[in-house]
Each structure stands twice: as C-alpha cells, then as structure tokens.
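Contents: one structure, followed by commentary.
The values are calculated or read from the model by the stated rules, or taken from the named source; none is laboratory data. Keep in mind that what you see is a predicted model, and the values were worked out from it rather than measured. Neighbour counts are summed over all protein chains in view; Cβ atoms, including those assigned to glycine, are modelled from backbone coordinates with ideal geometry.
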Amino acid sequence: MKNKTLNTRKIYAVVLAIVLVCSATAGYAYAAGTPNLIYASAGRTPGTAAEVYAQNVNSTVAITTSAVMNYFGYDTLSGGSGSGFIITDDGYILTNYHVVEGAEKITVETYSGDKYTAELIGYDDSNDIAVLKVDAKNLTPVTFGDSDNIAVGEDVVAIGNPLGELHFSLTRGVVSALDRDVSFSGNMHLKLIQTDCAINSGNSGGALFNMYGEVIGITNAKASGSGFSAPVDNIAFAIPVNTVVGVVEQIMTKGEISTPYIGISVMPVSDELQAYGIPMGAEVVSVNEDSPAEKAELQEKDIIVAANGEDVTDSDDLVKIIRSCDAGDKVELKIYRQGEIIEATVTVGETVKSALPENDEKPEK
C-alpha cells in the first residue's frame, strides 16, 4: 500500500485501504466538443440536508477496485474502495486519482444498485483527480457550484462510501477554513477546503456539497493521529472544484492538460526580509532556461509586487494571476530589484502533459 502522507502536522491522506499497483487501462473515449457539465445558475434557493441528499444521491457512486499483486512469487488479488460522482448524463465520473491508481479493474455502483465496469479515461496526479467512463445513458449528473464563493461557517454535506461498506452515507458539517496549504508525500501540494464533515476511509473522491446542492469540493484527505500524538477529530479536506474543473474538461476532450507557464519558481517574501524593508510579494527563487520569464529578463531574488495592475502580496497571488491567463497573453509585472521598482512584460507560455494512463509527456511551448 502506498500511503500519501501530508506534512509534519501529522495530517494524512485518506487512502481507502486501496492496494495501489501499476497498470494501465486501454481504449479511451473522449467527449466531442465542450463537455456537457452542468453549472449553477442564478435564482436558486438553499435546501435542507435531506433535500440536498435526495437531489444528489443518484449522482453519487461507490467505487471498488481490484488488482493482482505478486508477493514472494505468489499472485494475490487485492482490492480497495472509494467514492465518486457523475458529471455527465452519458457516464463520465469524477473521483480522486489515488482511489483508482494502479487498479486493473474498476467497478462503479449507483444508488439504484446498477453496476458498471469503468474505464480510466485520464487523470492529473498533481491535483489528485481522475475521470472515469461507464457505458450508460440518462444518468443524473451533479451541478457544479463556485468554490471561490464560499465562506467559513457555511453548512456543507458530503455523500460517500465510508469504510467501503456504508454506501451512500451523508455527513454534515461546515466549512472550517479556506485555502488550507497541505503538502503530500510525492511532492503533491494542494490548497484545500477544510471541513468538519466526517470523512473516513472510503469517502475519497466523493462530493462536498453546499446547501444549494452544488458540488464545491472533492473530498480527498483527513487529519489523523499517529503514534503517541493526541487523537484528531473532525478535520477533513476537499479539493475546491474551481481549481480542477478546467482540467477535467481538458481530460475529457483532449486527453491532455495544458497549464499557463512563465517559467519561474517563487516563494513568499520572508518576515526577516520584510523587517529590512523589503516589500511583500513573490520572490523569484529560480528562472527556467529559455522560458518566457528568462526572455523577459527576470532574475533570481526579484520581488514581483504587482501583475496586470493587481497587487501581489505573496506567491499564491502571482500563481492565481498566471493561471487565469491563456498562452500568448501579456502580463505586465512590477518588480522590486535592488531598491528600485522596474517593469517587465512577460508573454505567457504553456506546459502540456498527457492525461492518459501512459502519461506520455509533451514538451513545453
């Protein structure tokens, strides 16, 4: 079992007792044109937890996986379980990548009891998401909400498959925090919604709903005590849908993922440097060779303090601005360098990588 371990605060990813082995699923199908995902509209009214459950339970699925592992020369069948939710009426399903990683067979069960063998269409391990496809029609897809428009204290509910046995369970809580910075083993780094909904082994890949019945997160992690540490209760995490829905659409339509890119690594300006009068911003740690940033003559130790007229107070601000751009866009930067503010214009490029299980990398553009 490959556990994805979070940072030194003893937070651990929910791995659902899945045995993860390497395999690939052949035969890929892509949606023609723009995927028919459903997004929230104006004029909706909030409901009760019971109403949200009734609205969405037919859109959620239980996932089981199996794979053959070799132990000391003997083949052993291993399995795991997780959750997911239907995103189109013709059978596309979203879940966590760690739920299906290495699976040789993926089975999806709906609330009605129908079971399907699912195909792994593609995935993005850096965001811990995977898109599955089942051969079915007239399914009930979820509605996507706006995860940028939620606030701490809002009520939320999760529907999933805790322990791999308690199918279609609802848990209720609130949004406990936003933009929680969580680092996993394997160099995965995510900004997550924190919630006090009960999230257990088997819930990973399930949906976190607001009280309008819209998906605003994908449950993927929880806090857990370890060793002699104190027990931890009601600290769980979900991937904000706004950070991944564009990636999901790319997986469905193209089988690859393109990401805006300028070619620098950045970090927040430290408190120590600020104490010496250095402004807040995104400090350039490195500049990639032949990158847009190098062509714009950015340098290590530059402090980017504004981009396209927006203040940049830390590295996250800059990342959000660049991610909102398209390849070819011009970004006007204000840079603090050796006591002076200078300006630079960088042309956004893109990185392109395969989303297929073979994970064939494509070059940066």
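Points worth noting:
- Test: residue in the stretch 202-211 that is buried (at least 18 other Cβ atoms within 10 Å of the Cβ), without any contact (Cβ under 8 Å) to a residue 40 or more places away in the chain and either in contact with a Phe, Trp or Tyr (Cβ under 6 Å, 6 or more places away or on another chain) or within 18 Å of ILE86 (Cα to Cα) (or both): no
- Of note, VAL232 satisfies the criterion of being surrounded by fewer than 17 Cβ atoms within 10 Å (Cβ to Cβ) and in contact with a Ser or Thr (Cβ under 7 Å, 6 or more places away or on another chain).
- Residues being under 27 Å from ILE93 (Cβ atoms), assigned to a strand (DSSP E or B), modelled with pLDDT of 90 or more and of a type outside the set (D, E, K, R) are represented in the stretch 224-236 by at least one member.
- Qualifying residue in the stretch 144-151 (condition: touching a strand residue (DSSP E or B) at 6+ places or on another chain (Cβ under 6 Å), acidic (Asp, Glu), closer than 30 Å to ALA42 by Cα and not in a strand (DSSP E or B)): no
- Taken together, the criteria place LEU170 among residues that are closer than 19 Å to GLY213 by Cβ and either outside any helix (DSSP H, G or I) or of a type in the set (Asp, Glu) (or both).
- Contacts under 8 angstrom Cβ, first residue in the stretch 308-332 being not assigned by TED's automatic domain parsing to the domain that holds ASP179, partner basic (Lys, Arg), 6 or more apart: ASP316/LYS191; ALA327/LYS365
So that you can scan it fast, the table gives a plain yes or no per residue for (1) outside the structural domain of ILE218 (by TED's automatic domain parsing); (2) aliphatic (A, V, I, L, M); (3) surrounded by 21 or more Cβ atoms within 10 Å (Cβ to Cβ):
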| residue | (1), (2), (3) |
| --- | --- |
| ILE239 | no, yes, yes |
| ASN242 | no, no, no |
| GLU249 | no, no, no |
| SER265 | yes, no, no |
| PRO268 | yes, no, no |
| ASP271 | yes, no, no |
| ALA275 | yes, yes, no |
| GLY281 | yes, no, yes |
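- Listing of strands (runs of 3 or more DSSP E) fully contained in the stretch 261-317 that carry 3 or more residues being within 15 Å of LYS334 (Cα to Cα): 282-287, 303-307
- Any hit, the stretch 141-157, residues being under 28 Å from MET252 (Cα atoms) and in contact with a Lys or Arg (Cβ under 8 Å, 6 or more places away or on another chain): yes
- Residue match in the stretch 344-362 (condition: touching a strand residue (DSSP E or B) at 6+ places or on another chain (Cβ under 7 Å), without any contact (Cβ under 8 Å) to a residue 12 or more places away in the chain and either assigned to a loop (DSSP other than H, G, I, E, B) or of a type in the set (Gly, Ala, Ser) (or both)): yes
- Criterion applied to ILE199, ILE193 was being within 17 Å of the chain's Cα centre (by Cα), part of a loop (DSSP other than H, G, I, E, B) and within 22 Å of GLU51 (Cβ to Cβ), and the one residue passing it is ILE199.
- Search result, residues across the stretch 323-359 that are at pLDDT below 90 and among the aliphatic types (A, V, I, L, M): ALA327, VAL352, ALA355, LEU356
- Yes/no for ILE303 being buried (at least 20 other Cβ atoms within 10 Å of the Cβ) and assigned by TED's automatic domain parsing to the domain that holds LEU192: no
- Any hit, the stretch 156-177, residues being crowded, with 16+ Cβ neighbours inside 10 Å, at pLDDT below 95 and of a type in the set (Val, Ile, Thr): no
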